[in-house]
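Participant: One structure follows; several queries about it will come next.
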Amino acid sequence: MRAVQRQRSPISILWGMGEVTPRKRNVPPMRDLAIISDPATIKVLMEPTRSKILFKYLVNGAMTVKQLADALGKNPGTILHHIEKLKKAGLVVEERTEQTVTGIVQRYYRATAREYRLGLGELKDSDDGVARFAEGRLRSIIRALSVYGVDIDEASVDEAANLLGAYIERENRLSAGISVVDESAYRSLPEPVRRDASRIYRRFVLEQDETYRNLREKWHSFLKRYKRSERE
């Protein structure tokens, strides 16, 4: 009598012996802050959907392509294309996979950092449109200070841009070096507590740096010259 060959279910074939537990990828912990200074990465984020995927959703936790597609009202294929671009740029990682009750494997993606900042000082040295973008961003910030009563005249905007660029660059460099030593405990904290703890510790680290303190004093002295209450 010929032995009856046992057929394996699709789930067994996919997971091996019917394993259905979630699988975590061996990926680095989520950083507290990352500085974006690569012009190519900036160009990736200039696409509105990619920017929204990263800054509105994946910095807050892992999501699947389907979840993102539903949230954004986009086709899953389009979302997957954007995810691949973000992964290639080092902004997104595949954190884990989980199997649905129907046997479909869902891939969960998250950002590589909780917060991203532009390295404006470094981007200003680029030789393409990104340099103009960085310079324009600094000037926009400077002009926006008028709503707080800081009126910087056009003749002084270049000086302001140089001071602010150096100040932001130093702050970003120091902040990017801060790491969470207990990721598990960090994840157990409520989000508001995380943000407050991050802000307080980051301020502590910055104030220990003499170069940062000197740049801060130069920038603050400059602002005082143009504060309406100081000039009246």
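Every number here is computed from the coordinates shown, using simple stated rules; none is lab data. Model, not experiment: these values are computed from the prediction. Glycine also receives a Cβ, built like all others from the backbone with ideal geometry; neighbour counts cover every protein chain displayed.
Participant: Any chance you could list P(r) for the range 25-111, counting all Cα-Cα pairs in 10 angstrom bins from zero, rounded to whole %?
Facilitator: Per 10 Å bin, starting at zero, the Cα-Cα P(r) for the range 25-111 comes out as 16, 53, 27, 4, 0 percent.
Participant: If each residue of separation counts as 0.36 nm, what is the full-extension length gain between Lys227 and Asn75 once their alpha-carbon separation is subtracted?
Facilitator: Here the answer is 49.7 nm.
Participant: Averaging sequence separations of C-alpha pairs under 8 Å and six or more residues apart, then dividing by the length of the range 25-111, give the relative contact order as a whole percent.
Facilitator: About 34 percent, as a whole number.
Participant: Which residues' amide hydrogens lie under 5 Å from the amide hydrogen of Val92, considering only partners 5 or more residues apart or on another chain, with H built in the peptide plane?
Facilitator: HN-HN under 5 Å from Val92: Lys87, Thr112.
Participant: To continue, here is another question. Given a cut-off of 18 Å, name the pairs among Lys43/Lys66; Lys52/Lys87; Lys66/Lys88 whose C-alpha atoms lie farther apart than that in the structure shown.
Facilitator: Listed pairs above 18 Å: Lys43/Lys66; Lys66/Lys88.
Participant: Pick out, from Phe133, Leu164, His220, the residue whose Cα sits farthest towards the positive end of the charge dipole of the range 124-231, with +1 on the Cβ of Lys and Arg and -1 on the Cβ of Asp and Glu.
Facilitator: Checked the options; the winner is His220.
Participant: Under 24 Å between alpha carbons, and skipping anything fewer than 8 positions from Lys227 in its own chain: which lysines qualify?
Facilitator: Result set, ordered by chain and number: Lys218.
Participant: Any idea how far apart Ala131 and Ala40 come out in nm if each label point goes 7 Å out from Cα toward Cβ?
Facilitator: Placing both labels 7 Å along Cα→Cβ, they lie 1.9 nm apart.
Participant: Taking 41 Å as R0, compute the FRET efficiency from the Cβ-Cβ separation of Val193 and Ser156 and round it to 0.05.
Facilitator: Once rounded, the FRET efficiency stands at 0.50.
Participant: Further question on the same structure: Given axes a ≥ b ≥ c from the Cα gyration tensor, I'd like to know whether the range 134-197 is rounded (a/c under 1.5), prolate (a/b larger than b/c) or oblate.
Facilitator: Taking the square roots of the gyration eigenvalues as a ≥ b ≥ c, the range 134-197 is prolate.
Participant: While we're here: Need one number: the % of Cα-Cα pairs in the range 124-231 sitting beyond the 19 Å mark.
Facilitator: 58 percent
Participant: Work out the FRET efficiency for Arg216 and Val147 from their Cβ-Cβ distance, taking R0 = 35 Å, and round it to the nearest 0.05.
Facilitator: 0.95
Participant: So for the pair Val101, Ile178, with labels modelled 7 Å out along Cα→Cβ, what separation do we get in nm?
Facilitator: 4.4 nm
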